[in-house]
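S.K.: Right, I'll just put the structure down here and ask away after.
The values are calculated or read from the model by the stated rules, or taken from the named source; none is laboratory data. The shown structure was predicted, so the numbers you read here are calculated from the model rather than taken from an experiment. No Cβ is skipped: glycine too gets one built from the backbone with ideal geometry, and neighbour counts run over all protein chains shown.
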Amino acid sequence: MTEHRSGFACFVGRPNAGKSTLTNALVGTKVAITSSKPQTTRHAIRGIVHREDAQLVLIDTPGLHRPRTLLGERLNDIVHTTWSEVDVVGFCVPANEKIGPGDKFIAAELQKIAKRTPVLGIVTKTDLVQPQQVAEQLLALQEVMDFAELIPVSAVDGFQVGALADLLVGKLPEGPQLYPGGELTDEPEQTLVAELIREAALEGVRDELPHSIAVTVEEMLPREGRDDLIDVHAFLFVERPSQKGIILGHKGERLREVGAAARKNIEALLGSKVYLDLHIKVAKEWQRDPRQLRRLGF
């Protein structure tokens, strides 16, 4: 009889290297929020891959970067803590971008744990380039550090996603299931709902806003007397009054669009109709204020 394996893996890489999309492709559903804006992920959201022979728990970390604010430092701390606790690490580099100083910075950090934790080199987004470019990127990645394995993948068209899962599972220790069958993430639903609202708010805003948006879900309860409707009350925090105007849009139109997009995803997540009550608050310079960071969950 084949042994059952179980353990933890995490993907690391520069912001926007395709880590969250890859997590979602492996799990087969949307557990980590994705956005075209870098710095989307702020929590180590776990996706759980259930197989007959294994259970692979994926930890989706924020992108590692040289920090400029207290929030940036805290995000980097999350990454380093996660690395020290997993069984295997996947280092993601997009096929369509040259390997740069940011990647080399991460590789140098990974080199410190490579003796005790296997590190896989993953070239992501292969659907965006020609096969020749994928081959060149694999060769370039090989120069950066000594990887346990190298693999090109595309989360978008599914290229080698199964093969990557096999490689990751192969590095896990033998052991029983860590989470009950059927669970896809161990994040509290309120955290996921807040992330879905933040994802909707990030789409289409100008580049200066991604770091400045935080979301808290104040209350999430079934409507009294109805079992088919959940009331969600949430606050969207920005750092300056001018940003409030950007999110609101002309006559509140942009906020309505954010609410509609978020509600659709929240209903899919909760499997129920949702009434979403969304308000914007200004929390001055919250990224630099330890007290506010704590209140917003960092």
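S.K.: On the given criteria, is residue 218 within 23 Å of the chain's Cα centre (by Cα), loosely packed, with under 13 Cβ neighbours inside 10 Å and more than 26 Å from residue 15 (Cβ to Cβ)? Spell out how you get there, then give the answer.
M.R.: Numbers: within 23 Å of the chain's Cα centre (by Cα): yes; loosely packed, with under 13 Cβ neighbours inside 10 Å: yes; more than 26 Å from residue 15 (Cβ to Cβ): yes.
Taking the combined requirement at face value, the residue satisfies it.
S.K.: Only residues that are touching a Lys or Arg at 6+ places or on another chain (Cβ under 7 Å) and crowded, with 18+ Cβ neighbours inside 10 Å: list them for segment 276-292, please. Can you show your working first?
M.R.: Taking segment 276-292 as the starting set, the residues that turn out to be touching a Lys or Arg at 6+ places or on another chain (Cβ under 7 Å) are 276, 280, 282.
The answer is 276, 280.
S.K.: Step by step: first the residues of segment 67-94, then only those that are part of a loop (DSSP other than H, G, I, E, B) and more than 19 Å from the chain's Cα centre (by Cα), then the one that is nearest to residue 131 (Cα to Cα). Which residue is that? Please lay out each step first, then the result.
M.R.: Just the residues of segment 67-94 that are part of a loop (DSSP other than H, G, I, E, B), to begin with: 67-69, 84-87.
Within this subset, residues satisfying the condition of being more than 19 Å from the chain's Cα centre (by Cα) are 68-69.
On the way: 68: 37, 69: 39 Å.
Restricting to residues being part of a loop (DSSP other than H, G, I, E, B) and more than 19 Å from the chain's Cα centre (by Cα), the top hit is 68.
S.K.: Would you point out the residue of segment 224-282, among those that are in a helix (DSSP H, G or I) and either at positive phi or outside the structural domain of residue 200 (by TED's automatic domain parsing) (or both), that is nearest to the chain's Cα centre (by Cα)?
M.R.: 252
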